[in-house]
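Asker: Following this message is one structure expressed as structure tokens.
The values are calculated or read from the model by the stated rules, or taken from the named source; none is laboratory data. Because the structure is predicted, anything quoted here is derived from the model rather than measured. Because the Cβ atoms are built from the backbone with ideal geometry, glycine has one as well, and the counts that use them run over all protein chains shown. These area figures cover heavy atoms from the full protein model, side chains too; ligands, DNA and RNA do not enter into them. Shrake-Rupley method; radii C 1.70, N 1.55, O 1.52, S 1.80 Å.
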Amino acid sequence: MLSPTLVLEVGIAVFLVAVVGLLANRLRFSVIPFFIIIGMLVGQHAPQFWHIDLTFTESKPFIDFMGRLGVLFLLFYLGLEFSVGRLMKSGKAIVTGGSIYVLLNFVSGLLIGWLMDLPFKEMMVLCGVMTSSSTAIVAKVLTDLKRTANPETEIIMGMIMFDDLFIAMHISFLSGLILTGGTSFWSVAGTSLLALGFILTFLVLGRKLVPAIDRLLQDKSSELFILIVFSLLFIIAGFSETIHVAEAIGALMAGLVFADSKYIKKIEGMISPYRDFFGAMFFFSFGLSIDMYTLGGAVGWAALAAVITIIGNLASGYFAAKFSGRKPKSSFDIGFTLSARGEFSIIMANIGKAGGLLPLIQSFVVVYVLILSIISPLLTKESRNLWHALFGKDQTPVKAKKTLEQLEESIKQSSS
């Protein structure tokens, strides 16, 4: 039976999320760490005032479900903005830079996991966490800093698309490794191959369904339009879960299909408020699940991992800038921007929690995401100043002024 205070508790949760969101905007920070922190502060150790239970004990299952919907909308919207054709046309620079980015960050995860002496499953989660950049934070930072039209932004977004493809595969691998209970190599490989087949099917055949979807959406009222879109999103995501492919990947694939629809702008406009609302509740629900008194053992490791991540991303940014013919100073813009961590890292941490992995992973991800979601935007904002401080400003060649005699000589030569 539902608690009589359910609506009140959910209302208080949404109000708290809105308040810290306003604070984040006032401070010009990403809202993601604020949503997580407020969830932690009012979680397991919060007091109760009259009918107001700030631990949200009764409403937590409902808030968790809202967070689950947030994942679907975040990934669906990402799919809407993702273009496989654009990635194919983006050229060698982005593919090469993206490959180096994934390799350096994945190896960094292996290094940290080895230093922490983690078991194999926990290490694979850690590798995914350290490899996944936050598309939401990156997009917001580029918009806030008015860098969306900059030449290096195309490289950044291309590398993120490449990274998102890899993370989609890695999440499917983690689902097979952790959630299905597979213990043998062949069972995990079978689940991963099934996920790969599911993804490739959508990439290859999904576009052929677009004309039929467009006919279905044609001349429909707003009510029917959104009902059709939502029903297809939830069916595809739900079906993917039944074949042991993470429902988040199903939502991403659904977005990829709708991305080629002629109604893409209308779909984005209708989905955007749901993405923002349920996405905020996703980060809040993640914070609710964390006992902040257990974070101490993860702070040192997370700080070390954050430093290694920034260094590795600067290296991948250097190679991406070099292969695309950009100036070396673009490596700071690329590397610092891509260092942000957020939604994908938390999704993989939740997979680890659902699979009963060590609680240390959850604590590590909280601190790691908080550090980089705050530091990365600040470093990105100061990337040009940091480059000039370390390597000096570009020297613009100054043309030597001609003397009066030289001017008279050049006039004589031109007249003759």
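Asker: For residue 219 and residue 149 in the same chain, what is the full-extension length gain: residue separation times 0.36 nm, less their Cα-Cα distance, in nm?
Answerer: 21.7 nm
Asker: For the pairs 146/262; 60/121; 60/353; 121/353; 208/266; 327/393, flag any whose C-alpha to C-alpha distance is greater than 18 Å.
Answerer: As for pairs spanning more than 18 Å Cα to Cα, those are 146/262; 60/121; 208/266.
Asker: Once fully extended, how much extra length lies between residue 327 and residue 358, figured as 0.36 nm per residue of separation less the alpha-carbon to alpha-carbon distance?
Answerer: In short, 6.8 nm is gained.
Asker: Express in Å², to the nearest 10, the accessible area of residue 387 obtained by rolling a 1.4 Å probe over the protein heavy atoms while all chains stay in place.
Answerer: 40 Å²
Asker: How much of residue 177 can a 1.4 Å solvent probe reach, expressed as accessible area in Å² and rounded to 10?
Answerer: Per-residue accessible area (residue 177): approximately 10 Å².
Asker: Which one, 376, 298, 216, projects farthest toward the positive side of the charge dipole computed for the chain from Cβ point charges (K/R +1, D/E -1)?
Answerer: Of the options given, the answer is 376.
Asker: Next question. Picking from 144, 163, 333, which is most flexible by a Gaussian network model of the chain using Cα springs under 10 Å?
Answerer: Taking springs between Cα atoms under 10 Å, the residue moving most is 144.
Asker: Using Cα atoms only, what is the angle between the long axis of helix 222-242 and the major principal axis of the chain, expressed in degrees (0 to 90) to the nearest 10?
Answerer: 80 degrees
Asker: May I pose another question? Based on the Cβ-Cβ distance of residue 26 and residue 189, what FRET efficiency does E = 1/(1 + (r/R0)^6) give at R0 = 35 Å, to the nearest 0.05?
Answerer: 0.10
Asker: Helix 404-415 versus the longest principal axis of the chain: what angle, 0 to 90°, nearest 10, using Cα atoms?
Answerer: Roughly 80 degrees, rounded to the nearest 10.
Asker: Moving to a separate point now. Multiply the residue separation of residue 15 and residue 276 by 0.36 nm, subtract the distance between their alpha-carbon atoms, and state the gained length in nm to one decimal.
Answerer: 92.5 nm
Asker: Also: What value in Å³ per residue do you get for the convex hull of the alpha-carbon atoms in region 247-347?
Answerer: Details: hull volume 15.4 nm³, N = 101.
About 152 Å³ per residue, rounded to a whole number.
Asker: If you don't mind, another one. Which value in nm describes the separation of the simple spin-label points at residue 384 and residue 58, placed 7 Å from the Cα toward the beta carbon?
Answerer: 5.5 nm
Asker: Taking only the alpha carbons of region 11-86, what extent do you get along each of the three principal axes, in Å, biggest first?
Answerer: The principal-axis extents, from largest down, are 56, 31, 18 Å.
Asker: Divide by every residue of the chain the summed helix terms, -39500 (n - 2.57) for each DSSP H run of at least 4, and state the resulting mean residue ellipticity at 222 nm, rounded to the nearest 500 deg cm²/dmol. It would help to have the intermediate numbers written out before the result.
Answerer: Numbers: 19 runs with 311 residues, N = 416.
Computed ellipticity for the chain at 222 nm equals -25000 deg cm²/dmol.
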